[in-house]
Amino acid sequence: MGATPGGIQDIALARTKIAAGQIPLAEDFTAEGLYAEHDLPLEGPPCEQVLCLRTAKGIATAIDTGRQEVFVQVGFSSNVEPSTFHRKPLDAALVIDHSGSMQGEPMAAVKEAARRLVAKLDESDTFSLVIFDDVSQVLVKQTPVRDRAALLRAIDTIQVDGSTCIECGLADGYAQLATRAPDASRARRVFLFTDAMPNVGQTQEGGFMKLLRDHSQEGRDLTLFGVNIAFDQSFVTAISSVRGANAFYLRDAERTRTVFDEDFDYLVTPIAYDLKMVLTPAPGFRVEAVYGVPGVEPGAGQASLEISTVFLSRRRGAILARFSREADIQPGQRMMSGGLSFTPARGEASPPTLVTASYEGSEPLSSTGTWYSEDTVRKTAALTNFILGARAACSSWHAGDKARARELADRTAELLRTHAEQLDDAALRAEAELASKLAALMVP
């Protein structure tokens, strides 16, 4: 099977806005979200442990600088067999936003998602239901899942009203989970359904981060399901980076079906924590960025990063490190070295894994040359350029430079189309079409 880092798991909000004829905000495009939507497998022997990390590298044009730069992909996979996998019994606390901004389609989408979640539970699981507007209310206390019809009736009674105190709902949801004694054989998780626009109680992401971290340390984790085109992506990107957390945007009925019918057992199954990486550029190379996780400064002597949680997945996830270079690259020249370590969800911390990235071509590579060790890293670099180009175009648009925005969007779409055709990749073609639709909306 695959594995993906926690946090944002899609760019569905950006897709929704484009489909509705709106220009997304730059922060609606996240590399980690886009990577999580694609299967990005790297070549290598069969994975023989719960989490395997592999690397591949490429040298290609970065759309934001126009320079040929080095891209090193770290790929994630697992030896878990889908045919024999069973998730842990689950203590689930549903926390549903029923404030005024959830009127109409958002609330209908939440109710359908909640029904599908209940359908995934069995008698080994427990369930509670909390709703909140400017205050919270416990509709169903934490109880074994025996009378499924009663749970569904409780969901159906929810009506829209009031302001948005996410803090209130979370506090009651966590309190319901806390009524269950800690048990390592069970998972405990709050499922928060909201448009992420708090206006009562705690409203800043910093306060929520502390709340979530405190409960995560006690084994109570969070999955956030977003709805509503007014969804606050930047808020959710921050809070879903907490250990044990992930986030999904439910853009339509098909997305909801996929998340709950195909992915649910995996999205509640962390397989590793505290994945630490230190990537050091070789002399003549410079750290520019790491995509898929936040916090790496351009020009740093090392790229030191940590992924708090890795989840089981149908897809093989990725992060991508980017390095600039000072001169031509010679055959066999080392470009980067580093070390990786993590703690499996069950077991002792893994010993550090050493990784290197060298240029394997047979001829010196000039400042205009392109090379990939395998096709997947080319695809991942193309997806990264899509994110960079889309973010730059949307930033220019919202800053009032519409001509610049259109030029960036057109260039992004054309570059993505080129890679899609050369790789004959249907998923990249779909992203190129999305990029073209974004460009078409940007009429100067």
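The values are calculated or read from the model by the stated rules, or taken from the named source; none is laboratory data. Note that the coordinates shown come from a computational prediction; the quantities given were computed from them, not determined experimentally. Cβ atoms come from the backbone with ideal geometry, glycine included; neighbour counts cover every protein chain shown.
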_Can you confirm whether residue 53 is closer than 24 Å to residue 278 by Cα and among the aliphatic types (A, V, I, L, M)?_
yes
*asked:* Could you go through segment 294-304 and let me know if any residue there is in contact with a Pro (Cβ under 9 Å, 6 or more places away or on another chain) and either under 24 Å from residue 98 (Cβ atoms) or in contact (Cβ under 8 Å) with a residue 24 or more places away in the chain (or both).
replied: yes
_Condition first: modelled with pLDDT under 90, within 19 Å of the chain's Cα centre (by Cα) and in a strand (DSSP E or B). Can you find one or more residues in segment 297-311 that meet it?_
yes
*What number goes with the only condition from (1) in contact with a strand residue (DSSP E or B) (Cβ under 9 Å, 6 or more places away or on another chain); (2) in contact (Cβ under 8 Å) with a residue 12 or more places away in the chain that residue 64 does not pass?*
(1)
*Answer with yes or no whether residue 339 is in the same structural domain as residue 78 (by TED's automatic domain parsing), in contact with a strand residue (DSSP E or B) (Cβ under 8 Å, 6 or more places away or on another chain) and closer than 20 Å to residue 287 by Cβ.*
yes
*Of all residues in segment 217-256, count the ones that are within 20 Å of residue 105 (Cβ to Cβ), among the polar types (S, T, N, Q) and not in a loop (DSSP other than H, G, I, E, B).*
2
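Looking at segment 267-292 only, could you name the residues that are among the aromatic types (Phe, Trp, Tyr), closer than 19 Å to residue 343 by Cα and buried (at least 22 other Cβ atoms within 10 Å of the Cβ)?
Start the filter on segment 267-292 by keeping residues that are among the aromatic types (Phe, Trp, Tyr), which leaves 273, 285, 291.
Narrowing the set further to residues that are closer than 19 Å to residue 343 by Cα leaves 273.
Within segment 267-292, none qualify.
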*Restricting attention to segment 412-444, report how many residues are farther than 19 Å from residue 64 by Cα and of a type in the set (S, T, N, Q).*
1
*Output the residue which, of all residues in segment 179-189 that are among the basic types (Lys, Arg) and at pLDDT 95 or above, is surrounded by the most Cβ atoms within 10 Å (Cβ to Cβ).*
188
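So which of 194, 237, 269, 258 is free of Cβ contacts under 8 Å to residues at least 24 places away in the same chain and within 18 Å of the chain's Cα centre (by Cα)?
258 is the lone residue from the list that is free of Cβ contacts under 8 Å to residues at least 24 places away in the same chain and within 18 Å of the chain's Cα centre (by Cα).
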*Does residue 74 count as modelled with pLDDT under 95, closer than 26 Å to residue 268 by Cα and not in a loop (DSSP other than H, G, I, E, B)?*
yes
*Kindly provide the set of residues from segment 369-418 that are acidic (Asp, Glu), part of a loop (DSSP other than H, G, I, E, B) and in contact (Cβ under 8 Å) with a residue 24 or more places away in the chain, ordered by number.*
374
*Would you pick out the residues in segment 136-169 that are modelled with pLDDT under 90 and either more than 29 Å from the chain's Cα centre (by Cα) or assigned to a strand (DSSP E or B) (or both)?*
161, 162
_Just to be sure I understand the filter: pairs with C-beta atoms under 8 Å, separated by 6 or more residues or on different chains, first member in segment 34-50 and assigned by TED's automatic domain parsing to the domain that holds residue 434 and free of Cβ contacts under 8 Å to residues at least 40 places away in the same chain, second member charged (D, E, K, R) and surrounded by 17 or more Cβ atoms within 10 Å (Cβ to Cβ). Which pairs pass?_
44/54
*Please enumerate the residues belonging to segment 391-410 that are in contact with a helix residue (DSSP H, G or I) (Cβ under 7 Å, 6 or more places away or on another chain) and surrounded by fewer than 18 Cβ atoms within 10 Å (Cβ to Cβ).*
395, 404
*Spot the failing condition for residue 176; the list is (1) farther than 23 Å from residue 90 by Cα; (2) surrounded by 13 or more Cβ atoms within 10 Å (Cβ to Cβ), and only one is missed.*
(1)
_Need pairs with beta-carbon distance below 6 Å; first residue in the same structural domain as residue 174 (by TED's automatic domain parsing) and more than 17 Å from residue 197 (Cα to Cα) and within segment 208-219, second among the aromatic types (Phe, Trp, Tyr) and in a helix (DSSP H, G or I); sequence gap 6+ or separate chains._
215/174
_Can you tell me which residue is surrounded by the fewest Cβ atoms within 10 Å (Cβ to Cβ) among those in segment 13-27 that are under 19 Å from residue 252 (Cβ atoms) and either among the hydrophobic types (A, V, I, L, M, F, W, C) or at pLDDT below 95 (or both)?_
20
